[in-house]
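The values are calculated or read from the model by the stated rules, or taken from the named source; none is laboratory data. In this text the structure is predicted, and so the values were computed from the model without any measurement. Note: ideal-geometry Cβ built from the backbone for every residue, glycine included; neighbour counts use all protein chains shown.
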Amino acid sequence: MAKTKLQLGRAVAIPSDPDKAILDRVPNPHADTQFVARFTFPEFTSICPVTGQPDFGILMIDYVPDRWLVESKSLKLYLQSFRNHGAFHEDCTVAIGRRIVDLLTPHWLRIGGYFNPRGGMPIDVFWQTGNPPDGVWVTDQGIAPYRGRG
């Protein structure tokens, strides 16, 4: 079986759809140590599947890897592929978390989707695979709940 070339280090177009996006993984050089890796994506965009209006938010992904790490360039391209994808906030957040879990089989993963208000109401979505392993340092995601202009 031929080894697949990573997207890292070469020009790659933003995938037109999340289902067409390729997520790459690389070996975890510290698989014998449990630690939390965090990805913050402050400019997440998707499209409302009903109105076609853009949705904007912050995604924060924390995970405790096992044998594999998600390669960050492929993750960025994957998340950017939602730009023209119609899906509700809940669907986007949970689908992203599940796709990463399917790729990596981490010890633990949580994802928070903090979406800006549209139609007068912000929606925040949280999903995780269970409890984090004992002894790992898991910090608060640090994103305040929406408070408006008050």
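Some notes on this structure:
- Odd one out for Phe82, checked against (1) in contact (Cβ under 8 Å) with a residue 40 or more places away in the chain; (2) assigned to a strand (DSSP E or B); (3) under 24 Å from Asn116 (Cβ atoms); (4) hydrophobic (A, V, I, L, M, F, W, C): (2)
- Filtered residues of region 92-139 (kept if part of a helix (DSSP H, G or I), free of Cβ contacts under 8 Å to residues at least 40 places away in the same chain and over 12 Å from the mean Cα position of the chain (by Cα)): Asp102
- Filter result for Ser74 (in contact with a Cys (Cβ under 6 Å, 6 or more places away or on another chain) and either surrounded by 17 or more Cβ atoms within 10 Å (Cβ to Cβ) or of a type in the set (A, V, I, L, M, F, W, C) (or both)): no
- Among the residues of this structure, Gly148 does not count as one that is loosely packed, with under 14 Cβ neighbours inside 10 Å and in contact with a strand residue (DSSP E or B) (Cβ under 9 Å, 6 or more places away or on another chain).
- With respect to (1) under 13 Å from the mean Cα position of the chain (by Cα); (2) closer than 15 Å to Ile58 by Cβ; (3) in contact (Cβ under 8 Å) with a residue 60 or more places away in the chain, the lone exception for Ile143 is condition (1).
- Sole exception among (1) touching a Phe, Trp or Tyr at 6+ places or on another chain (Cβ under 7 Å); (2) surrounded by fewer than 17 Cβ atoms within 10 Å (Cβ to Cβ); (3) modelled with pLDDT of 95 or more; (4) not hydroxyl-bearing (Ser, Thr, Tyr) for Arg67, by number: (1)
- Residue within region 27-48 that is assigned to a loop (DSSP other than H, G, I, E, B) and within 19 Å of Ile14 (Cα to Cα) present: no
- All of Val101, Val94 fail the test of being among the β-branched types (Val, Ile, Thr), more than 24 Å from Ala144 (Cα to Cα) and surrounded by fewer than 18 Cβ atoms within 10 Å (Cβ to Cβ), apart from Val101.
- Per the conditions (1) over 17 Å from Ser81 (Cα atoms); (2) surrounded by 11 or more Cβ atoms within 10 Å (Cβ to Cβ); (3) among the aliphatic types (A, V, I, L, M), the sole criterion not satisfied by Val50 is (2).
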